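Right, one structure below, let's go through it.
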Amino acid sequence: MKILLIGGQGQVGQELQTTLPAIGEVVVWDRTHLDLTELDDIAPKVVAQQPDVIVNAAAYTAVDKAETEQTLAFRINGDAPGKLAAAATNCRAALVHISTDYVFDGSQNRPYQPDDKPNPLGAYGQSKRAGELAVQAACDRHIIFRTAWVYGAKGQGNFVKTMLRLGAERETLNVVYDQVGSPTWAYEIAAAMTALIPTLNSANFGTYHFTNSGAVSWYDFAVAIFEEAALLGHPLKINQVNPITSDQYPTVTQRPHYSVLAGEKLAHLICRSAPHWRESLRKMLKEYLLA
Ligand SMILES: NC(=O)c1ccc[n+]([C@@H]2O[C@H](COP(=O)([O-])OP(=O)(O)OC[C@H]3O[C@@H](n4cnc5c(N)ncnc54)[C@H](OP(=O)(O)O)[C@@H]3O)[C@@H](O)[C@H]2O)c1
């Protein structure tokens, strides 16, 4: 099986680089191989590879900046996945496209199922939803793989790395407690996707949710990060974390208050459930702080 991995330098992309070779020959592309804003390049470059599976881990991920860069965000997250999907159809490949909990508005009080109605609150979520629709329209053999609250040791910054930095600089910190989700280690996303791909057949294409299990507020997640980092001997100044509301920490984009994703459909398919978020946090911190 030949797998074309797009977005190989992102948080999830770097983990996929380590897990995907177990199931096939992997061609890794980053922005230098294919710039997704160059929409006309996508089909010819992808079709020339004749992959069996395309994994799209690339995205415009700057949630707040997307409000002022909507054209760019929609091009990368909305238009480019449609072109990838058309290319997949052209070469009879399957497309695995990563999407986000931010396609939901967070008004529910139970975990979101893959077929719950999306209603994104901001430009980033809207652009990712546009990508989902474009993929569905252009390729029957698709997986839309929604995940949430991603962090990893590799790749760009994320909430865990930000907390470690701030916790080393400050004694007190305010963190929002009225947004609840499931922090998810990029490695676990890669492992679940690598288990999913060999199961693909005409009966199981569609939309799936995957996150670490359990749910937590950003505030409780921050406290856990500091507790686990301290146990590993990481030097921290922080001695007080205050829970605040989203209103007390205004951001350009409104975030969903509750965006827990129900992962049973995928767990059933790959015959395993996701580890609890705290267990994965512990492993990521060991890798990141003790490496
Ligand atoms: N991060 C989260 O909390 C989160 C939550 C839910 C869902 N997701 C989804 O999970 C997926 C992976 O996210 P991530 O956290 O791994 O993202 P990431 O670390 O920001 O990586 C995104 C990758 O996309 C690449 N990219 C951006 N614009 C591109 C372009 N025009 N052409 C080619 N490549 C481009 C970036 O390349 P450069 O390095 O060159 O910029 C980067 O390597 C995305 O679909 C994202 O929407 C993420």
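The values are calculated or read from the model by the stated rules, or taken from the named source; none is laboratory data. Note that this is a predicted model, so its numbers are computed, not measured. Methodologically, a virtual Cβ is constructed for each residue, glycine included, from the backbone with ideal geometry; neighbour enumeration extends over all protein chains shown. Surface accessibility is based on the protein's heavy atoms, side chains included, excluding ligands, DNA and RNA. Shrake-Rupley method; radii C 1.70, N 1.55, O 1.52, S 1.80 Å.
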- Could you tell me which of the residues ASP35, ASP79, ASP41 is assigned to a helix (DSSP H, G or I) and either farther than 20 Å from HIS142 by Cβ or β-branched (Val, Ile, Thr) (or both)? ASP41
- Query: Is there any pair linking a residue in region 197-209 that is in contact (Cβ under 8 Å) with a residue 24 or more places away in the chain to one that is of a type in the set (S, T, N, Q), with Cβ under 8 Å and at least six apart or on different chains, and which?
  - Reply: HIS209/GLN113; HIS209/THR147
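Step by step: first the residues of region 1-27, then only those that are among the hydrophobic types (A, V, I, L, M, F, W, C) and either open to solvent by 50 Å² or more (accessible area, probe 1.4 Å) or modelled with pLDDT under 95 (or both), then the one that is farthest from ASN56 (Cα to Cα). Which residue is that? Even if it seems obvious, please write down each step before you answer.
Quick first cut of region 1-27, residues among the hydrophobic types (A, V, I, L, M, F, W, C) only: 1, 3-6, 12, 16, 20, 22-23, 26-27.
When the remaining residues are screened for being either open to solvent by 50 Å² or more (accessible area, probe 1.4 Å) or modelled with pLDDT under 95 (or both), the result is 1, 22.
Values: MET1: 16, ALA22: 18 Å.
Checking each candidate, the answer is ALA22.
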- Query: TYR102 is checked against (1) farther than 19 Å from ILE6 by Cα; (2) away from the ligand (no atom under 14 Å from the Cβ) and fails just one. What number does that condition carry?
  - Reply: (2)
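Report yes if ARG141 is of a type in the set (Lys, Arg), more than 11 Å from the ligand (Cβ to nearest atom), in contact with a Leu (Cβ under 8 Å, 6 or more places away or on another chain) and open to solvent by 50 Å² or more (accessible area, probe 1.4 Å), otherwise no. Please lay out each step first, then the result.
Values: of a type in the set (Lys, Arg): yes; more than 11 Å from the ligand (Cβ to nearest atom): yes; in contact with a Leu (Cβ under 8 Å, 6 or more places away or on another chain): yes; open to solvent by 50 Å² or more (accessible area, probe 1.4 Å): yes.
Criteria met by ARG141.
Matching residues to (1) within 30 Å of GLU287 (Cα to Cα); (2) touching a Pro at 6+ places or on another chain (Cβ under 9 Å):
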{"site": "LEU84", "(1), (2)": "no, no"}
{"site": "ALA87", "(1), (2)": "no, yes"}
{"site": "ALA93", "(1), (2)": "no, yes"}
{"site": "ASN109", "(1), (2)": "no, no"}
{"site": "PRO114", "(1), (2)": "no, no"}
{"site": "ASN119", "(1), (2)": "no, no"}
{"site": "GLY131", "(1), (2)": "no, yes"}
{"site": "ILE144", "(1), (2)": "yes, yes"}
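Tell me the residue from GLU279, GLU228, GLU264 that is open to solvent by less than 20 Å² (accessible area, probe 1.4 Å), at pLDDT 95 or above and among the acidic types (Asp, Glu), please. Break it down stepwise before answering.
On the way: GLU279 fails: open to solvent by less than 20 Å² (accessible area, probe 1.4 Å); GLU264 fails: open to solvent by less than 20 Å² (accessible area, probe 1.4 Å).
Result of the check over GLU279, GLU228, GLU264: GLU228.
For region 146-160, state whether one or more residues are without any contact (Cβ under 8 Å) to a residue 40 or more places away in the chain and either open to solvent by less than 10 Å² (accessible area, probe 1.4 Å) or closer than 26 Å to TYR60 by Cβ (or both). Spell out how you get there, then give the answer.
Taking region 146-160 first, the residues without any contact (Cβ under 8 Å) to a residue 40 or more places away in the chain are 157.
Still in the list and also either open to solvent by less than 10 Å² (accessible area, probe 1.4 Å) or closer than 26 Å to TYR60 by Cβ (or both): 157.
Yes.
Considering only residues that are of a type in the set (S, T, N, Q) and more than 14 Å from the ligand (Cβ to nearest atom), look in region 28-59 and name the one that is least open to solvent (accessible area, probe 1.4 Å).
In the first step, residues of region 28-59 are kept if they are of a type in the set (S, T, N, Q); the result is 32, 37, 49-50, 56.
Narrowing further to those that are more than 14 Å from the ligand (Cβ to nearest atom): 49-50.
Working: GLN49: 49, GLN50: 104 Å².
This residue is GLN49.
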- Kindly list the number of the only condition in (1) assigned to a helix (DSSP H, G or I); (2) within 11 Å of the ligand (Cβ to nearest atom) that fails for THR71. (2)
- Task: Could you tell me which numbered condition VAL180 fails, if it satisfies all but one of (1) away from the ligand (no atom under 11 Å from the Cβ); (2) open to solvent by less than 10 Å² (accessible area, probe 1.4 Å); (3) more than 24 Å from LYS2 (Cβ to Cβ); (4) β-branched (Val, Ile, Thr)?
- Result: (2)
- Query: Looking at (1) over 30 Å from ARG282 (Cα atoms); (2) open to solvent by 10 Å² or more (accessible area, probe 1.4 Å); (3) touching a residue at least 60 places away in the same chain (Cβ under 8 Å); (4) outside any loop (DSSP other than H, G, I, E, B), which is the only condition MET163 fails?
  - Reply: (1)
- Does region 50-63 contain any residue that is more than 24 Å from LEU20 (Cβ to Cβ), in contact (Cβ under 8 Å) with a residue 24 or more places away in the chain and not in a helix (DSSP H, G or I)? yes
